[in-house]
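The values are calculated or read from the model by the stated rules, or taken from the named source; none is laboratory data. All values derive from a computational prediction rather than experimental measurement. Ideal geometry is used to build each Cβ from the backbone, glycine not excepted, and the neighbour counts take in all protein chains shown. Ligands, DNA and RNA are stripped out before the accessible areas are found, and what is left, the full protein with its side chains, is counted by its heavy atoms. Shrake-Rupley method; radii C 1.70, N 1.55, O 1.52, S 1.80 Å.
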Amino acid sequence: MTGNAKRAEIEAVGITGDEVMPRHIAIIMDGNGRWATARGLTRTHGHRKGVDALRKAVRHAADIGIDYLTLFSFSSENWTRPPDEVRELIGLLKLFLRNDLAKLRADNVRVMVIGERTDLQRDIRDLLDEAEATTILNTGMRLVIAFNYGGRDEIGRAVRRIADAVKAGRLSPEDVDTAMISTHLDTAGIPDPDLIIRTSGEQRLSNFLLWQAAYAEFVFLPVYWPDFATEDFDLAIAEFRNRDRRYGGIAARRSR
Ligand code: IPE
Ligand code: IPE
Ligand code: MG
């Protein structure tokens, strides 16, 4: 199905007409472990199935013309999991980048990475750098991979950089406002997410995009990530399009 046909199909999903598509969708891919445990399988099995769901989600988002797709793949707190599981999760990201980068590049997807990178092992850092560098000229969907990412960690690093600049005399305290803070975050240049989807039924942010989520719409789905299908994706988008975003004002952006 072409992107336009898919878009038309979504537009037909019980919505009232001229609601806009989300420009930036961010997903907290949660529930791999429970998906596996419910089937008597190891958590590792769940993570492997999760990569298949990720691949499908990336393809679908690109097909329907989403500009930015951010995926939470490993949080700054996920290091507290058993070492074997951490190794597996990192191994899967490496595998994904090694296997899928050529296709992403050919599909005109631009890969961007957010999260703390300096403390990572050399090989994973090189892969992340390579994914960004070799797709930098691509003009299609931006796939933002949040790896070793935590919102508080990101804000902390931004504040430190700003403090350094002030100390060095390159900035004065009067220069510090919300717009300039945004430009010091890992997401500099990336618009705030319009829609944040979390699978697995949990209803929390878990330190994801704390600053950027100020006016995001949240959709929590009761499916485990490995089961996340394009129908679930479309459902979340349809739900988003039925929301009224007011940004603190009194009038809806549109009347219904
Ligand atoms: C999401 O699934 C994957 C990561 C957090 C990296 P989980 O591993 O959190 O699965 P549950 O939440 O334990 O079911
Ligand atoms: C959030 O899920 C992190 C990712 C999906 C990468 P977690 O499973 O780590 O979050 P908590 O522990 O349930 O809050
Ligand atoms: Mg979880």
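Give me the Kirkwood hydrodynamic radius of the range 139-248 in Å, from all C-alpha pairs, to one decimal place?
Numbers: mean 1/r = 0.0618 Å⁻¹.
Taking every pair of different Cα atoms in the range 139-248, averaging 1/r and inverting gives 16.2 Å.
Add -39500 (n - 2.57) for each DSSP H run of 4 or more in the chain, then divide by its residues: what number comes out at 222 nm, to the nearest 500 deg cm²/dmol?
Taken over the chain, the calculation gives -13500 deg cm²/dmol.
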field: Where the chain is the region considered: accessible area per residue in Å², 1.4 Å probe
entry: 50 Å²
Over the chain: Kirkwood hydrodynamic radius from C-alpha pairwise inverse distances, Å: 19.4 Å
task: Taking the Cα centre of the range 40-162 as origin, work out the dipole magnitude from +1 charges on Lys and Arg Cβ and -1 charges on Asp and Glu Cβ, in debye rounded to 20.
output: 80 debye
query: What length, rounded to one decimal in nm, is gained on full extension from TYR247 through to ALA165, with 0.36 nm per residue of separation minus their alpha-carbon distance?
result: 26.4 nm
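Quick one: dipole size for the chain, taken about the Cα centre, charges +1 on Lys/Arg Cβ and -1 on Asp/Glu Cβ, in debye to the nearest 20.
Working: 37 positive and 38 negative charges, 42 e Å.
Computed about the Cα centre, the dipole is about 200 debye.
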message: Given axes a ≥ b ≥ c from the Cα gyration tensor, I'd like to know whether the range 51-172 is rounded (a/c under 1.5), prolate (a/b larger than b/c) or oblate.
response: oblate
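I need the peptides 199-207, 19-27 ranked by packing, meaning the mean over residues of other C-beta atoms within 10 angstrom, with the highest value on top.
Going by the mean number of other Cβ atoms within 10 Å, highest first, we get 19-27, 199-207.
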statement: For the range 124-236, the accessible surface attributable to carbon and sulfur atoms (probe 1.4 angstrom, ligands and nucleic acids excluded) amounts in percent to 53 percent
P(r), alpha carbons of the range 153-202 - 10 Å bins starting at zero, rounded %: 23, 42, 21, 11, 4
task: May I ask you to derive the FRET efficiency for ALA38 and MET180 from their Cβ-Cβ distance with R0 = 35 Å, giving the value to the nearest 0.05?
output: 0.15
